[in-house]
Structures are given as structure tokens and as C-alpha cells.
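The values are calculated or read from the model by the stated rules, or taken from the named source; none is laboratory data. Just so it is clear, the model here is predicted, and its values are computed rather than measured. FYI the Cβ positions are ideal-geometry reconstructions off the backbone, even for glycines, and counts take in every protein chain you see.
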């Protein structure tokens, strides 16, 4: 259920174990690269983190080479960005992590073309899933109904040995499972009320180019406004503001630019005022972190799995969604191929959730500290306080200390586990070293190696 990245990559893995895999997608896929109504956030920034790059190359060999050949920008952090966090500008030391910042439709089209070339995979496009078949012990398929003015309005069954929910954060599967007599999963939620607005722009002053690829202002509990400008594959840039509940960024043209006055340096407002708009501004509001605990004990039917945002949806500001979709597909591949264990529904579901755990800890762990955050997973435990104290010191040292910064970026990019932050060299700098000096003004040039 669902034909975006998570659904497509899941279908790719299952095609190695099944005679036929059917992807049911509510939209009709565009011819070539283009947005879809079912992916409203596709007009906003998307970053393919290194953990996702590695996963996609493992699933679709040569994918990142193909992405680069298609013109997707590859941006190095911190060297390529003018970046601000917790009161400090980052030193632009040599990059220790790289992300692809091309548009979501470009990445999805490349994945779709590769996946749908498999002869075992077919699609039902412009089709809604409206319910599940089966009972509390086993799901045996789905009910589908065509969309569109000329579509047949009656529901029809589509039987299946396995149903995978990849329908996104708006999934209706918990309600359908309850209708079968099974238990809906417990949902953990953290919602900061964050909203963001984006528009395509062109740099008119020559500030951005090969030397400086974009800007990044990272919000925190003391300074809650975010701003990011990232390059797209067509030479333009995507500019995005974020703000919390009650002070959401606007989509009106003049007010959109004026919102930059809230940022921590007037240079950013000046740049936005001079940038040439290439599109109207688009808003997005549905940004809560939601994790559905299908892995916990309960009356769970066999033959049903959840993945992607239907399993674990993150605040999109952290740019984790595409990476986790790919990493979860790798986890599915490995669970199905493990010769030591029978891939029961619960065992596989546990593996899928485990693949998203680090990303959840990052996004939910940060958001629960933001002012006005609500949800049943907001409260901090006493046992977490020493770790939070340590991570605060990591963040304070990241802008100016390359050792700490490299480790922190490796974790945020989902390339290394959280334990990388406690490696001896990093721990010494965090616990005993002072915070290194950082630029006092936006650094418009890279530092030379060894500076």
C-alpha cells in the first residue's frame, strides 16, 4: 500500500521472494520527473543523508552514481555551507559528510524507473486501498477502489499473502486492523507545531556557487526559527523558513521575505530580499514525530507489516525520511535472508522498527526539548539527564572543533551509530576541552586544510 520511496524499495526487496508484487498507489505516476498530489512535501527540501546513500547503493547498485550523473547537487558539510547553531557560526573546515540535495521528484523517479523494471512488480495506479481482508489472526489482502471521474466506484478484493503498509503518515491501517478484531499499535507522538514554507529562488548577487552552496540556520529552544537554502539540480535554490506553533512562516510573497528578519543575522534577510523568486511559496504543517509500535506484544495478525512513515514518521526538518526508507528496506532484505531465523511477522516488524530507531532518537530527542512541544512521548526520564548534558556539550563544540563535529555529523547522517560520540578522542574533547573559537560573522569562504 503506497508507491513512494518506502513502498517502491519494499517491493524491490519482496520481488526476490515472491512470484508477484503489486504496488497500489493513489496517484498516477507522472511521465518523467514531477510532483504528485500524494507527496505534498515534495515541493520542500529533501536531503539524502549518507546512511540512505549507502542503503540505496546496496539495494540498487550504482544508484548514487546515476544520481550524480543526473545533476543532483552533492553538498559537503561543513565546508560548503554557511551554517549557524546555538549562537555560533560554523568553521568551514573540510567536509566530513556529504548529502544530495536535489528535488524529491528527481530521486523518486530514478528509484521508480529502476524498481518497476523488475518483471515481478506491477502497479495499480489511481487506486485507493479502503480496507483490509482477513481476520484478527491473519491479513489476506486489501479492498481497493479506483479513483477518478471515470473510475468504477465499487470496491473489489485484492488477495495477497503479505500486505505492507507504506501509505505514509496518514495511514488508516490501525483503524482497519481494529475492524478485523486485531489491536491497533500504540502510538508515540511528539509535536512541536513546527511549520515551514518554501519557494524556489535564484541567487542574483553571486554569493552562492561552487565555493558556497547554501545557508543553514538550525533552530533550538532559545532561537526557534530555522532557515535553509539548498541547491537544486537545475541551478536554482530552494529556500525554506521554519517556525513553531503560533509563529508559522507565511506563504504571501512579501511576508515570506520579511520573515527572514527573525533570523540571527541581517545578512540572511538581505540575501533573501535580493534573491529572484522562481515560484510561489508553499507551506507544510503536518510535522509531528509519530512512531507506531507494531513491535510490541499484542493481538497482531500475521501477513501484515508497516514501513516508512506509516511505521515511523519524523519531523521533516531533520531530513531523515528518504534515508530511513532505504535503510528499512535493507533491514527487510536482511531479515528475510537470515538463514538462522524464521522471518515471522513480529520478528521482521521488529527489524524494521530497529532500522529507524537512531533517526527517531535524533528527531524526537531534539523536539521534546522545544518550547510548546506536546505529545505522550515528550517527558524526559531522570536516566536521560546525563546523556542530555553530554549531548549539549557535543553541540556546543561542534561548530568549532573538527573532531567533535566530524563525529556528530557522522551520527546525524545515519552513517555511524550514536556510540561514535563516545569514542575516546571525542569524549576527551567533549568532557575536558574548551569550546573552540568560531567565526563572529557569517564565514563566506572555506577554511584551508590545516588552518
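So here's what we get for this one:
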| quantity | calculated |
| --- | --- |
| Filter pass, residue 414 being crowded, with 21+ Cβ neighbours inside 10 Å and closer than 25 Å to residue 7 by Cβ | yes |
| Leading residue by the ranking (modelled with the highest pLDDT) among those in region 170-185 that are under 21 Å from residue 123 (Cα atoms) and surrounded by fewer than 22 Cβ atoms within 10 Å (Cβ to Cβ) | 172 |
| Helices (runs of 4 or more DSSP H) wholly inside region 1-106 that include at least 1 residues being over 23 Å from residue 411 (Cα atoms) | 5-14, 63-69 |
| Region 419-440: number of residues that are part of a loop (DSSP other than H, G, I, E, B) and in contact with a helix residue (DSSP H, G or I) (Cβ under 8 Å, 6 or more places away or on another chain) | 4 |
| Among residues of region 234-271, those that are out of contact with any helix residue (DSSP H, G or I) (no Cβ under 7 Å at 6 or more places or on another chain) and either under 30 Å from residue 439 (Cα atoms) or assigned to a helix (DSSP H, G or I) (or both), counted | 22 |
| Flag for residue 82 being more than 19 Å from residue 46 (Cβ to Cβ) and either buried (at least 20 other Cβ atoms within 10 Å of the Cβ) or in contact with a helix residue (DSSP H, G or I) (Cβ under 8 Å, 6 or more places away or on another chain) (or both) | yes |
| Selection count where residues are on the phi > 0 side of the Ramachandran plot and without any contact (Cβ under 8 Å) to a residue 60 or more places away in the chain, scope region 132-167 | 2 |
| Residue 93 being within 26 Å of residue 283 (Cα to Cα) and touching a residue at least 40 places away in the same chain (Cβ under 8 Å) | no |
| Failed criterion for residue 263 (all others in (1) in contact with a strand residue (DSSP E or B) (Cβ under 7 Å, 6 or more places away or on another chain); (2) within 19 Å of residue 44 (Cα to Cα) hold) | (2) |
| Test: residue in region 417-437 that is surrounded by 18 or more Cβ atoms within 10 Å (Cβ to Cβ) and either in contact with a strand residue (DSSP E or B) (Cβ under 8 Å, 6 or more places away or on another chain) or more than 24 Å from residue 89 (Cβ to Cβ) (or both) | no |
| Verdict on residue 260 being closer than 30 Å to residue 352 by Cβ and surrounded by 17 or more Cβ atoms within 10 Å (Cβ to Cβ) | no |
| Residues of region 167-198 satisfying the condition of being within 23 Å of residue 101 (Cα to Cα), touching a strand residue (DSSP E or B) at 6+ places or on another chain (Cβ under 6 Å) and assigned to a strand (DSSP E or B) | 196, 197, 198 |
| Region 173-209: number of residues that are under 30 Å from residue 236 (Cβ atoms) and within 23 Å of the chain's Cα centre (by Cα) | 10 |
| Residue, surrounded by the fewest Cβ atoms within 10 Å (Cβ to Cβ), within region 225-247, restricted to residues that are closer than 28 Å to residue 374 by Cα and free of Cβ contacts under 8 Å to residues at least 60 places away in the same chain | 247 |
| Which numbered condition residue 448 fails, given (1) surrounded by fewer than 18 Cβ atoms within 10 Å (Cβ to Cβ); (2) over 30 Å from residue 326 (Cβ atoms); (3) in contact (Cβ under 8 Å) with a residue 40 or more places away in the chain | (3) |
| Unique residue being in contact with a helix residue (DSSP H, G or I) (Cβ under 6 Å, 6 or more places away or on another chain), part of a loop (DSSP other than H, G, I, E, B) and farther than 16 Å from residue 389 by Cβ when the list is 407, 416 | 416 |
